[in-house]
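Each remark here refers to the structure printed beneath this line.
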Amino acid sequence: MPEIKVTPLGAGQDVGRSCILVSIAGKNVMLDCGMHMGYNDDRRFPDFSYITQNGRLTDFLDCVIISHFHLDHCGALPYFSEMVGYDGPIYMTHPTKAICPILLEDYRKITVDKKGETNFFTSQMIKDCMKKVVAVHLHQTVQVDEELEIKAYYAGHVLGAAMFQIKVGCESVVYTGDYNMTPDRHLGAAWIDKCRPDLLITESTYATTIRDSKRCRERDFLKKVHETVERGGKVLIPVFALGRAQELCILLETFWERMNLKAPIYFSTGLTEKANHYYKLFITWTNQKIRKTFVQRNMFEFKHIKAFDRAFADNPGPMVVFATPGMLHAGQSLQIFRKWAGNEKNMVIMPGYCVQGTVGHKILSGQRKLEMEGRQILEVKMQVEYMSFSAHADAKGIMQLIRQAEPRNVLLVHGEAKKMEFLKQKIEQEFHVNCYMPANGETTTIFTNPSIPVDISLGLLKRETAIGLLPDAKKPKLMHGTLIMKDNSFRLVSPEQALKELGLAEHQLRFTCRVHIQDPRKEHETVLRVYNHLKGVLKDYSVQHLPDGSITVESILIQATAHSEDQGTKVLLVSWTYQVGILEDIHFNQF
Amino acid sequence: MSPRGRRAMSRACARLLPRVCAALADPRQPGSDDTCLEKMLDWFRELREAEPTVKLLRDNPCLTEFFTAVLALPEPEPNVLSFTLRLAGIVAAVEDSFMHLQQLELLARLFGEDGPLNSAAWEDASVRSGWVEGVHSMVQHQSALHFICSGGGIDVIFTLQGDPSLFVASAACRLLVHLLTLSVGSELTVPLNAKDCDWPACAHMIIRHIEESLQSNSASHIKQSLKLLTSLFGSCQAPWTKVLWLGMAKQVESFLTEDSVQAQHILADLLLNMARSPVFHDTEGSFWALVTSALEHLTPVQSSPLAVGILRLHRCPQVVRIKALTVLLQPMDCILRAAFQPLEYAGLLDESVSDPSAVESLLSSKSSCASLLCQTLAHLEELLSVVFLPVNLPYASLLRSVVTILQFCNGLLIPASPLGSKISQILVGCFRVQKSALDALAALSDRKCSDTVVGSLFDVLLAYLESPNTTPTVLKKSFKAMSKWLMSLPGMSFFKNQQQTEKTLQDVFLVLQKRLCSPCWEVRDSSLEFLTNLIRNLRDHDEFRQSLLSSEVPKLTENLLEDPESYVRASAVTAMGHLAFITYFFVPESPVAGNQYNKEKTVAKLQEILSTDPEGFPRRAVMNVFTMWLKESCTGQLEETEQFVSTVVQTTAHDLDWEVKLGCLELVQIFCNHMFCRFGLPECPYAPISSAVTSSICQNEPLQIFCRANLFSFLFRSLCDCDKPVGQKACDILLALKSHFCQSSTTDLQGPGDLSAGHGIHWLQGTLRQGSLVQNFPTDDGNGVDFQDPESMMLALRTIDLVELHNDLNKCSDYVEKSPQSLLEDILATVGTAEENEADCY
């Protein structure tokens, strides 16, 4: 029975680095190739040795698909393609292809800054990797090879995020990547058609959460920023170059405009400007509101937000600064933090995840005395706030997507085991489909029932309609013919046509059966008795007694002889023919 | 520090550890981040190296309390339980600690039948993984080995070989190899021989298990045992492995022809690992006979990895080598024969040694043709990259076959023979094969080939470069192959006459012109990289220079300095930097250079990019070009160079990209070395040594120049840069300057003096130490430091303790705090925090 196999190397019962292997109809696809930022050795990358066991990577894998530009989904890609040695096709959407290298470069810069970092990709490797990427449009069916095709659907979450349908013949898998079922300030909601895949692989970050309204969190954020600025404090918002930064910028820009605020807002690096450039370039990927107002005013051309210069950090008075990197572990954001940390009027707002060991992680866990550079103690008096704006589908959203796509099976990834367990039960109850949640390294096998298309010859159809009623879609009809498997296709034709096409002669087979009956009478008397009996029971058939002593029932021939050893036993030889071409052997060999 | 350089547990950590253990074992606390647990294990591995662990356990009773507490939990968190098992394994790796845990009756509860393996927690793969890892860490001595083998643990490991988790299954396989090696290695006293196999108890159990599995009807059991043997022979080359093998050889051999097992891939791996082990080389020929048999029986796809491995071996019978070569070359031979009937040239193989029918049928099937060729070509590329290959490959025929494949792939060749026609139909437009063939072609450029095929090679490559159907990735590989072939031929004498050489080069530049205008940035970028590569290697050849300069390529390259894509701008900058060597640096008599190539214009353009380009790549590329020019002394006379460096430094001083600044610091470093060289300071190995250079500041020409060029301002400001590598580099340069200018040692400091009113040297030093922002530096228009005053700078160099600053900068080059104390504090700090914080992801 055909099967689909799924093995997560990452994101199996965790929210680490996504990397999922799918085998479908003999094709092998890698979904996402993420990095874990919590490690500074090889543990940050998925363990690809499990793939290299199967021979050369490029021979084994048919393609790699990247769902969006976040590093936990694409961070290992240059390592995989330039250092491990994968040289096959890589697919992602156009915005992802444009933005991915910015984030990879951003991360490389702060990584190589550190001492003892080895086995990490270079700038040239990022470029070489991106040059291998094939960019795809939404809803464009891309033929990876003759059998394998992929198609991207809008996923919300971040600019360019996509869900991918992977299809081989009539078998298909949909991988959601990260998605968001509710539109936010700059992106729309995820959407997929009723594609009824054999398997839907969905993220489940917020598997058990019905998230509070994002508006509430936004109001809260604006209130905190406003209050700090009003009392003359400075607000530091450490961000990664792309994603959250743009959302918060739109939020602040609109608020500043509405409230007519004067305090300056700054970006700390040129990176974010480039990001804004891409948001403008890929305006069609943003939500309807942004697209509609684009003609009057591009939402990403900010009036209040200016580029930051290092000198500004010492300026008196309130200000808001977006600075990279987002975990306060190096560069500008850390330098500004050091300057402002001692003043209780100031505030730092952390809008994202911070790995252990970073200043961001320490202050979020409540530590207020930080040992900087091994000696100096930095006392953190400024307010520390954590505000999550990550755009994932919540439990309701996940159920909605399943309803929309109508998959035959569901597989959960990118979530915590306990929460997945809860959602799994809910999905199985509500949709009556199997739901799986493999751990990393575990293979889930799903059996599929593929429908196989068969062409029917016109002659056969005409013959069938001539002898029966006209075809009716609601009433299936039994049809007889000969199935020919040739050149990877199936055709149903009449037996005569099959013989003709394959150049075969018709053969007749005669089957004979011996029936022993106890009858001491002479042979012709036995025959007569049988004849009379058959005549009586087979009234609708032509039963004849031939001059040579044999009986025929239609084409069946019956003869009687005495048993050679026991004259009291008569042997009836019943023989009939069956018309058949010797097709099987030959056809199956050709297949 | 311990003698081994490892750090023992500090008092601060010892104080924190009990609370951390208590928090981890407390089910009410939210689960700790897995990365924290991993880092704790790393720390304990280091501790184990630093001090005997029984001391560790006695000094820190919280550890055993932690084990007990976790084991007592009715439903422990899988990640905490897994951590506990792994930690216990690390601790128990030392025998007396193992004994200590046994006395406390903890071992059976951790790794024995009373432990997690008989609980519901075992369902979780991370717990099984933790158990296997824990056992692996622990079994480093006889007591642990005995504990596992006699307590039923070995059967658990046998079962885990077939675990649904790949990670657990492969860890179990590695563990069995470890146990077997340890058991035989430490328990065997008398050398074994094939007839008298008295294996130690544990080894005996494992070997019996392998034998039983191999004799079973279960394909999965057979595969597990074959994998185990593969792993064993790959990691252990002790003589006893041969004895082990002799007992199993017959059975394993039978799987070669056993289709139901489907273990051919593993068998190929197994035989290759054995072939690499000298132990099997003298098995009276039986092993090599088996290898030969494998090469014969396995399909070409299965045997090819084995063949390529064999061909790399230096010790291998010639007959096996020929067999392996046959396997590898057969597809290529088949291609040649299919393409040219009758074969005009020598084929790759003597037909008598091989039966090509299997390969022919694979090549004529759509589903297998591309895979077989890609694999073969990749293996050939691998072999060609080996420096001392113990076998001679027929390079000319190979080259011809690779060229033929490339001709098939773009429809240049459609042979009449049925097989050739079929293959060409399958291959036309096949990118996978195109890429593999181009890689192999590039690799072949290092080998000597006859010139008959070289002409058609360039035709094919040009066809690929020209074809609109060539994808960007294929084009990049075509460029690579083209440049390697152009460079590989000494004196570019690959054509019969100069005209032909010029014609080819003209064709190359013609197609390059077209590609430089491609709408696809990947193509423009690859074209520029190709150009740079050519100039770098062929700039001394007249034909090359003339063909290049008479084409539109230089002009188009200049245009690409304005490309919308930053990667392309950066590549254009690099290409322009190299073009300069041809257009004006080293070719005074170049007839075509003329006035159209203006050095000043190029420098001005690059400086504009350096100061205005919004992205880092082009700016970094400019810095690399400037550094390259300066290294090759292309920046003109001293004054010109001084002015040039000064301008670059001023432009870069405020750059937001630290790598640009680092590039500039490298430029400064080279400039300084040049100056010292010029003025005779000993840094330059060729310079005469002068002892009286620093006698007078006023006569110290380099110092005057550095001050005039405003280098000190840049260097001192860089010391305070928020990006550490910049500070480190600046400090290195300043230290070098100090050692040049201040003949006295660094400890021989002069007393602090006032640099100017209100700002003494203490202030400057303090400012630097604190790493304050650059803006705290006074400017020279007020009462601040005059960075252009030689006396002040000498004073600053003498007074600032650069050595200490250098140590500080190097000590904490990492902002992510890695110390165990910080780790423990972080774990404790998260105790009781709202779960909301860790729910978010990137």
Completion exercise
Here D for the range B:1-119, in µm²/s, from Stokes-Einstein with a Kirkwood Rh over Cα pairs at 4 °C and 1.567 mPa s, works out to 89
Handout entry: Average Cα contact separation per residue, the range A:124-181, under 8 Å, 6 or more apart, as relative contact order %
Key = 24
Practice task
State to the nearest 20 debye the size of the charge dipole of the protein assembly as shown about its Cα centre, where the only charges are +1 on K and R beta carbons and -1 on D and E beta carbons.
Solution key: 2140
Problem - Shape category assigned to the range B:636-680 from the gyration tensor of Cα positions, a/c cut at 1.5 - result: oblate
Completion exercise
So for R0 = 45 Å, FRET eff. of residue A:472-residue B:518 from the Cβ-Cβ r, to 0.05, ends up at 0.20
Problem - Dipole of the protein assembly as shown [Lys/Arg +1, Asp/Glu -1 at C-beta], most positive-end residue of B:138, B:722, A:502 - result: A:502
Completion exercise
Per the Cα gyration tensor, the protein assembly as shown corresponds to an equivalent ellipsoid with semi-axes, largest first in Å, of 65, 42, 36
Problem - Compactness of the range B:299-480 - radius of gyration and Dmax, Cα, Å - result: 15.3, 49
Practice task
Calculate, in nm to one decimal, what residue A:195 and residue A:146 gain on full extension: separation in residues at 0.36 nm each, minus their alpha carbon distance.
Solution key: 15.6 nm
Practice task
Stick to Cα atoms and the Kirkwood definition of Rh, then tell me Rg/Rh for the range B:497-633.
Solution key: 0.96
Practice task
For residue A:280, go through the aspartates and glutamates and keep the ones whose alpha-carbon is under 18 Å away, minus same-chain ones fewer than eight residues off.
Solution key: A:184, A:247, A:253, A:301, B:565, B:615
Exercise for the section: Determine the shape class of the range A:69-195: with a ≥ b ≥ c the square roots of the Cα gyration tensor eigenvalues, call it rounded for a/c under 1.5, and otherwise prolate if a/b is greater than b/c, oblate otherwise. Expected result: oblate
Completion exercise
Contact order relative to length for the range B:299-480, counting C-alpha pairs under 8 Å separated by 6 or more residues, stands in percent at 23
Exercise for the section: Using label points projected 7 Å from each Cα along Cα→Cβ, tell me how many nm separate residue B:598 and residue B:421, to one decimal. Expected result: 6.3
Exercise for the section: Determine which residues of the range A:157-176 fall in the zone a paramagnetic label at residue A:449 would reach in this model, i.e. backbone nitrogen under 17 Å from the point 7 Å along Cα→Cβ. Expected result: A:170-172
Handout entry: Cβ-derived FRET efficiency at R0 60 Å, residue B:459 paired with residue A:425, nearest 0.05
Key = 0.35
Fill in the blank from the handout: In chain A, taking the dipole from +1 charges on Lys and Arg beta carbons and -1 charges on Asp and Glu beta carbons about the Cα centre, the listed residue (A:454, A:545, A:74) farthest towards the positive end is A:74
Completion exercise
Surpassing 24 Å at the alpha-carbon level, of the pairs A:5/A:424; A:27/A:477; A:194/A:462; A:132/B:605; A:132/B:227; A:339/A:362, are A:27/A:477; A:194/A:462; A:132/B:605; A:132/B:227
Handout entry: Estimated distance in nm for a label pair at residue A:41 and residue B:73, the labels positioned 7 Å out from Cα along Cα-to-Cβ
Key = 2.5
Problem - Gain on full stretching of the segment that runs from residue A:508 to residue A:1 - 0.36 nm per residue minus C-alpha separation - result: 179.0 nm
Completion exercise
Of the convex hull enclosing the alpha-carbon atoms of chain A, the direction-averaged projected area in nm² is 40.3
Problem - Cut-off under 5 Å, modelled amide H: who pairs with residue A:267 long-range - result: A:306, A:307, A:308, A:322
Fill in the blank from the handout: Once normalised by the length of chain A, the mean sequence separation of its alpha carbon contacts under 8 Å that are 6 or more apart gives a contact order in percent of 14
Exercise for the section: Would you mind computing, in nm to one decimal, how far apart the modelled labels at residue A:524 and residue A:456 are, each placed 7 Å from Cα along Cα→Cβ? Expected result: 5.4
Handout entry: Proximal aspartates and glutamates relative to residue B:223, as straight alpha-carbon distance under 20 Å, when same-chain residues fewer than 8 apart are discounted
Key = A:442, B:155, B:163, B:211, B:212, B:253, B:258, B:259, B:269
Exercise for the section: Please check chain A for the longest run free of GluC sites (Glu not before Pro) that are loop-located per DSSP (anything but H, G, I, E, B) and have at most 12 other Cβ atoms within 10 Å. Expected result: A:345-553
Completion exercise
Classified through the alpha carbon gyration tensor (a ≥ b ≥ c as square roots of its eigenvalues; rounded if a/c is under 1.5, else prolate when a/b is larger than b/c, else oblate), the range B:192-294 comes out oblate
Handout entry: lysines whose Cα lies under 17 Å from that of residue A:570, excluding same-chain neighbours fewer than 8 positions away
Key = A:522
Fill in the blank from the handout: Summing -39500 (n - 2.57) over every DSSP H run of at least 4 residues in the protein assembly as shown and dividing by its residue count gives a helix-only mean residue ellipticity at 222 nm, to the nearest 500 deg cm²/dmol, of -15500 deg cm²/dmol
Completion exercise
If R0 = 35 Å, then residue A:215 and residue B:735, at their Cβ-Cβ distance, give a FRET efficiency to the nearest 0.05 of 0.05
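Every read-out reported here was derived from the displayed coordinates using simple, explicitly stated rules and does not represent laboratory data. If you're wondering where the values come from, they're calculated on a predicted model, not measured in any experiment. In this analysis, Cβ positions are derived from the backbone assuming ideal geometry, glycine residues included, and neighbour counts consider all displayed protein chains.
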